[in-house]
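A quick write-up on the structure given underneath.
The values are calculated or read from the model by the stated rules, or taken from the named source; none is laboratory data. Predicted model only: the values in this text are computed from it and were never measured. Methodologically, a virtual Cβ is constructed for each residue, glycine included, from the backbone with ideal geometry; neighbour enumeration extends over all protein chains shown.
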Amino acid sequence: SFSMSKETSLKSVVTIVDEIFQAYERMRDICKFAAYNRRICDAMIRRVYSVVFKLRDMLKIRINEDNKFYENMKFYIQENHFTTWEFYSYDNYFTMQQLLNNIHDMEKFIDELSHLRTYFTGKSIETTFYELTKAFDMYVKALNVKIDVDVNFEYLLLTMDIKSFEKHFDRFKFALSTM
């Protein structure tokens, strides 16, 4: 299996974490000005927020140990229990890249959803939300990063926004039919 050098892996991981953080900031800005479905946007942003700040904290710990850069040091980060260099592996780099792609898909979804740039049905919103969050959870789990997600609360937010969206859409259809 391919293995990255310690220098390459650290730089690559730092770059991806920075890109994830930038995507989080763009998502936060989209949500701030959302005209519709703000609760769904908030639920997705909370997930990204949780993971990006966990990853950044882990990097700070690693960068603070820079004077021991070439030593094979081991330490545990909260309850994650992986060694420093295990985390900076090619597999984790690849998983982080997939996570970043997933976050870009989430960003595109909330941008379209929050401004109704694409035609959605309540069912398509729910399906897309679950597909994106399921993939997100899979990548986060593969990285062995623990985040707190209240799935029941997310479902409540999703349901409320879909009902609101459908009510809004029904009014719009009625207005068009009376013209």
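Return a yes/no flag: does region 54-76 have any residue that is hydrophobic (A, V, I, L, M, F, W, C), crowded, with 17+ Cβ neighbours inside 10 Å and modelled with pLDDT of 80 or more. The answer is yes, given that some residue of region 54-76 is hydrophobic (A, V, I, L, M, F, W, C), crowded, with 17+ Cβ neighbours inside 10 Å and modelled with pLDDT of 80 or more.
Could you run through region 105-135 and say how many residues are touching a residue at least 40 places away in the same chain (Cβ under 8 Å), farther than 23 Å from residue 54 by Cβ, not in a loop (DSSP other than H, G, I, E, B) and not β-branched (Val, Ile, Thr)? Walk me through how you get there before you give the answer.
Within region 105-135, the first condition is being touching a residue at least 40 places away in the same chain (Cβ under 8 Å), and the residues that meet it are 106-107, 109-111, 113-116, 120, 122, 125, 129, 132-133.
Retained after the next criterion (residues that are farther than 23 Å from residue 54 by Cβ): 111, 113-116, 120, 122, 125.
Narrowing further to those that are not in a loop (DSSP other than H, G, I, E, B): 111, 113-114, 122, 125.
Add one more test, that the residue is not β-branched (Val, Ile, Thr), and what stays is 111, 113-114, 122.
Residues that pass the stated criteria total 4.
Which residue is farthest from residue 163 (Cα to Cα), if the candidates are limited to region 111-132 and must be of a type outside the set (Phe, Trp, Tyr), modelled with pLDDT under 95 and crowded, with 17+ Cβ neighbours inside 10 Å? Can you show your working first?
So in region 111-132, the residues of a type outside the set (Phe, Trp, Tyr) come out as 111-118, 121-128, 131-132.
When the remaining residues are screened for being modelled with pLDDT under 95, the result is 111-118, 121-128.
From what is left, the residues that are crowded, with 17+ Cβ neighbours inside 10 Å are 111, 113-114, 125-126, 128.
Numbers: 111: 19, 113: 14, 114: 15, 125: 11, 126: 11, 128: 16 Å.
Filtering region 111-132 for residues that are of a type outside the set (Phe, Trp, Tyr), modelled with pLDDT under 95 and crowded, with 17+ Cβ neighbours inside 10 Å, the one farthest from residue 163 (Cα to Cα) comes out as 111.
Considered as a group, the residues in region 9-47 that are free of Cβ contacts under 8 Å to residues at least 60 places away in the same chain and among the acidic types (Asp, Glu) include one that is surrounded by the most Cβ atoms within 10 Å (Cβ to Cβ), and that residue is 18.
When you look at residue 138, is it in a helix (DSSP H, G or I), under 18 Å from residue 45 (Cα atoms) and within 17 Å of the chain's Cα centre (by Cα), yes or no? Walk me through how you get there before you give the answer.
Details: in a helix (DSSP H, G or I): yes; under 18 Å from residue 45 (Cα atoms): yes; within 17 Å of the chain's Cα centre (by Cα): yes.
The answer is yes for residue 138.
Look at residue 146 and say whether it is modelled with pLDDT under 80 and either in contact with a Lys or Arg (Cβ under 7 Å, 6 or more places away or on another chain) or basic (Lys, Arg) (or both). So residue 146 fails the test. Screening region 93-112 for residues that are among the acidic types (Asp, Glu) and out of contact with any Leu (no Cβ under 9 Å at 6 or more places or on another chain) and picking the one that is farthest from residue 44 (Cα to Cα) gives 112.
Here residue 50 passes the criteria (1) among the hydroxyl-bearing types (Ser, Thr, Tyr); (2) closer than 17 Å to residue 129 by Cα; (3) surrounded by fewer than 18 Cβ atoms within 10 Å (Cβ to Cβ) except the one numbered (2).
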